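Notes follow once the structure below has been shown.
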Amino acid sequence: MTAPDARIPRALAAPAPGWTTSADVIVVGSGIAGLTCALRLREQVDRVLLVTKTVLDEGSTAWAQGGIAAALHPEDSPEEHLEDTLVAGVGLCDRDAVEALVTEGPKRVRELVALGAEFDRDAEGEIKLTREGGHHRDRIAHAGGDATGREISRALIAALHRVIDDPGIEVVEHALVVDLLQAGSDDGEVVGVTLHVIGEGQLDGVGAAYARAVVLATGGLGQIYTSTTNPPVATGDGMAAALRAGARITDLEFIQFHPTVLFLGEGSTGQQPLISEAVRGEGAFLVDGAGRRIMEGRHELADLAPRDVVARAILETMREQGTDHVFLDARHLGGAFLEERFPSIVASCRSLGFDPATDLLPVAPAQHYASGGIETDLRGRTSLPGLYACGECSCTGVHGANRLASNSLLEGLVFASRIAADIPERIAAGELPEVVVPATPAHAGGEGSGPGALLDSTQRLTVQRAMTAGSGPVRSANSTAATAGTLADLAALPPSTAAPGPRTWETTNLLHLGQVLTELAHRRAETRGGHVRRDFPERDDARWLVRQSVVVSPDRTLTVTERSMP
């Protein structure tokens with residue numbers, strides 16, 4: 001069964017911009033990557049515009065339970081962290097990117113502490129370190145037991161509020177990026193973004209924001225599946241805008257499915273409660289309905305094996321036993337310990353009728369993290385001049401085919417800092433000239449590209465169900481071809497009922513990213529990283545030790561390229 005060819009428009013249908021603004025740099029997103037980048041840039045450029053989709057603290061960072069990984073212990077080393085990351089990435093990590101991550105990571109975490117982030121401490125006052133899947137050392141720093149992301153977000157937002165009256169930085173909340181503005185040159189230079197702002201006065205509705213450089217830090221695409229640990233705002237807006245503008249998108253088929261997401265019953269959709277890997281790091285283990293340990297004999301790290309190994313074991317057990325979930329057993333850890341170490345998880349479980357201290361917790365894999373995205377180099381530069389990306393929407397090559405636990409917050413921290421160093425240097429060198437704001441705001445997409453039809457928001461669940469069934473944790477040539485067919489049919493629907501607006505734009509973004517993800521998943525005829533190919537159950541290094549990239553051509557077709565790994 002052959003997947004139909006996907007066609008992606010170069011812009012979304014949207015009203016003409018009704019207002020304009022400008023800055024030296026626009027940062028889109030307010031997670032760890034966006035906030036870090038904006039704060040550091042503010043110290044070096046005249047004007048930074050930080051825009052965020054809802055409010056400052058509603059991104060994915062705040063939901064991170066496990067922690068942030070770094071070689072902070074004297075007995076640990078960046079070299080060991082490097083090796084664990086490369087193993088988890090299953091041969092597709094960019095070694096130089098990983099070396100930058102693990103070498104600069106400890107310094108960046110300490111800078112976060114200096115900024116005001118309060119990590120949990122041991123009796124000697126040192127940062128308490130724990131272990132998660134794939135790590136051979138205790139190197140996970142956490143805060144509030146299982147509220148690390150929220151504490152990091154709090155510290156960064158507090159730092160932002162300390163300078164909020166500075167005319168050099170402006171924050172616009174409730175601002176959805178619609179598309180990128182380009183100069184019309186052959187190289188696709190990015191000179192700004194179109195935004196839809198739900199506000200009052202001048203910044204209301206669709207407008208055009210211009211800048212010397214645009215930094216996308218818009219997070220993931222978890223809402224592309226029926227079940228995810230991602231918040232509702234994770235609709236891949238930045239990735240989709242970059243895709244339509246012609247930026248190179250890489251490794252998008254590598255979606256990480258977290259092994260232990262609380263199973264709430266058939267038909268439950270949207271954001272699902274995550275049971276952090278750190279619970280297994282403290283001694284919890286997976287069992288089937290008969291109480292048999294699932295991970296014994298499967299991997300040297302047993303329940304702390306890399307996430308793809310654990311997720312695959314759960315999927316195999318579910319398939320063999322005809323069930324839709326397995327169980328996590330944390331009862332032996334005791335109620336007092338669980339409440340102290342994992343207060344948020346315990347409260348969440350109890351609110352849903354489960355007590356980790358007395359009950360087996362039903363769990364199943366659900367979408368958790370996108371290892372691929374907008375391809376960048378080591379300085380955060382994308383394939384389009386003037387466009388940068390960092391955090392989950394980017395693809396630095398750090399994660400390869402499967403992200404190592406707790407490397408995501410570190411990646412956002414390290415590469416945001418690298419971007420914030422690169423942009424001022426390029427401005428000083430005249431490489432990022434000031435943009436002249438036109439009297440009449442431009443449409444996105446470039447001259448003659450034309451917007452594509454929008455997909456009505458009532459079709460979102462259709463996209464999610466197709467992606468979960470065909471391009472989810474278990475795939476095959478037939479399943480991905482069926483998903484591609486469904487998405488092609490949706491893309492061909494008449495747009496008469498799809499009025500431009502945030503919900504419709506989000507749904508269309510999910511459609512476009514689903515088409516690309518499915519195309520790459522269909523092509524990759526092997527099992528590697530976070531998914532299983534039923535028809536190709538083994539890893540195939542002879543053919544597939546390659547990274548796949550996609551670019552949308554001017555005629556709206558997809559051009560796929562492969563690059564072999566060393």
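The values are calculated or read from the model by the stated rules, or taken from the named source; none is laboratory data. Bear in mind that the values here come from a model prediction, so they are computed numbers and not experimental data. Here the Cβ positions follow ideal geometry from the backbone for every residue, glycine too, while neighbour counts run over all protein chains shown.
Observations, loosely collected:
- Count of region 493-550 residues, restricted to those that are of a type in the set (D, E, K, R), over 29 Å from Leu454 (Cβ atoms) and touching a residue at least 24 places away in the same chain (Cβ under 8 Å), is 8.
- Of residues in region 1-59 being over 22 Å from the mean Cα position of the chain (by Cα) and acidic (Asp, Glu), the one farthest from Pro424 (Cα to Cα): Asp5
- Within region 156-211, considering residues that are at positive phi and in contact (Cβ under 8 Å) with a residue 24 or more places away in the chain, the one nearest to the chain's Cα centre (by Cα): His174
- Candidates Glu320, Glu300, Glu296, filtered to the one that is in contact with a helix residue (DSSP H, G or I) (Cβ under 8 Å, 6 or more places away or on another chain), of a type outside the set (Val, Ile, Thr) and without any contact (Cβ under 8 Å) to a residue 24 or more places away in the chain: Glu296
- When residues of region 86-128 are limited to those that are touching a strand residue (DSSP E or B) at 6+ places or on another chain (Cβ under 8 Å) and not hydrophobic (A, V, I, L, M, F, W, C), the one nearest to Ser408 (Cα to Cα): Gly105
- Filter result for Pro259 (over 20 Å from Pro9 (Cβ atoms) and surrounded by fewer than 24 Cβ atoms within 10 Å (Cβ to Cβ)): no
- Applying a threshold of 9 Å to beta carbon distances and a minimum spacing of six or more residues, or different chains, the list of pairs starting in region 122-133 at a residue that is more than 20 Å from Glu80 (Cβ to Cβ) and ending at one that is crowded, with 21+ Cβ neighbours inside 10 Å reads Asp122/Leu129.
- Residues located in region 304-359, provided they are under 29 Å from the mean Cα position of the chain (by Cα), modelled with pLDDT of 90 or more and of a type in the set (Gly, Ala, Ser): Ala313, Ala330, Ala347, Ser348, Ser351
- Checking each residue in region 269-286 for being surrounded by fewer than 19 Cβ atoms within 10 Å (Cβ to Cβ) and more than 22 Å from the chain's Cα centre (by Cα) picks out Glu282, Gly283, Phe285.
- For first residues located in region 216-233 and under 15 Å from Leu50 (Cβ atoms), partners that are part of a strand (DSSP E or B) and of a type in the set (Val, Ile, Thr) and lie 6+ apart or on another chain with Cβ distances below 7 Å form the pairs Leu216/Val28; Leu216/Ile374; Ala217/Val27; Ala217/Val28; Thr218/Val28; Thr218/Val177.
- In region 317-373, of all residues being in contact with a Leu (Cβ under 7 Å, 6 or more places away or on another chain) and aromatic (Phe, Trp, Tyr), the one that is surrounded by the most Cβ atoms within 10 Å (Cβ to Cβ) corresponds to Phe327.
- Single match in Asp96, Asp138, Asp84, Asp76 (criterion: assigned to a loop (DSSP other than H, G, I, E, B) and at pLDDT 95 or above): Asp76
- Within the set Thr235, Thr194, the sole residue that is modelled with pLDDT of 90 or more, in a loop (DSSP other than H, G, I, E, B) and of a type outside the set (Lys, Arg) turns out to be Thr235.
- Among the residues making up region 44-55, those that are in contact with a strand residue (DSSP E or B) (Cβ under 7 Å, 6 or more places away or on another chain) and either part of a strand (DSSP E or B) or among the hydrophobic types (A, V, I, L, M, F, W, C) (or both) are Val45, Val48, Leu49, Leu50, Val51.
- Residue match in region 207-230 (condition: surrounded by fewer than 21 Cβ atoms within 10 Å (Cβ to Cβ) and either in contact with a Lys or Arg (Cβ under 7 Å, 6 or more places away or on another chain) or not small (Gly, Ala, Ser) (or both)): no
Here's the yes/no breakdown for (1) under 22 Å from Thr250 (Cα atoms); (2) surrounded by fewer than 21 Cβ atoms within 10 Å (Cβ to Cβ); (3) of a type in the set (Asp, Glu):
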{"residue": "Thr103", "(1), (2), (3)": "no, yes, no"}
{"residue": "Pro106", "(1), (2), (3)": "no, yes, no"}
{"residue": "Glu111", "(1), (2), (3)": "no, yes, yes"}
{"residue": "Glu132", "(1), (2), (3)": "no, no, yes"}
{"residue": "His136", "(1), (2), (3)": "no, yes, no"}
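- Residue selected from region 22-43 under the condition outside any helix (DSSP H, G or I) and of a type in the set (Ser, Thr, Tyr), by the criterion surrounded by the most Cβ atoms within 10 Å (Cβ to Cβ): Ser30
- Any hit, region 71-84, residues being within 27 Å of Ala213 (Cβ to Cβ) and out of contact with any helix residue (DSSP H, G or I) (no Cβ under 7 Å at 6 or more places or on another chain): no
- Applying a threshold of 7 Å to beta carbon distances and a minimum spacing of six or more residues, or different chains, the list of pairs starting in region 27-55 at a residue that is farther than 13 Å from Val215 by Cβ and modelled with pLDDT under 95 and ending at one that is aliphatic (A, V, I, L, M) and in a strand (DSSP E or B) reads Lys53/Ala175; Lys53/Leu176.
- Neighbours by Cβ (under 7 Å, 6+ apart or cross-chain): first from region 267-278, farther than 14 Å from Gly149 by Cα; second buried (at least 20 other Cβ atoms within 10 Å of the Cβ) and of a type in the set (Gly, Ala, Ser): Ser268/Ser227; Thr269/Ser227; Gln272/Ser227; Gln272/Ala366; Glu277/Gly66; Glu277/Gly133; Glu277/Ala405
- Only one of Arg350, Arg312, Arg341 that is touching a helix residue (DSSP H, G or I) at 6+ places or on another chain (Cβ under 9 Å) and among the basic types (Lys, Arg): Arg341
- Val102, sole failed condition from (1) in contact (Cβ under 8 Å) with a residue 60 or more places away in the chain; (2) within 27 Å of Arg150 (Cβ to Cβ); (3) β-branched (Val, Ile, Thr): (1)
- Scanning region 363-386 for residues that are closer than 21 Å to Leu520 by Cβ and in a strand (DSSP E or B) turns up Pro365, Ala366, Gln367, His368, Tyr369, Ala370, Gly373, Ile374, Glu375.
- Test: residue in region 108-127 that is part of a helix (DSSP H, G or I) and either under 27 Å from Ala284 (Cβ atoms) or in contact with an Asp or Glu (Cβ under 9 Å, 6 or more places away or on another chain) (or both): yes
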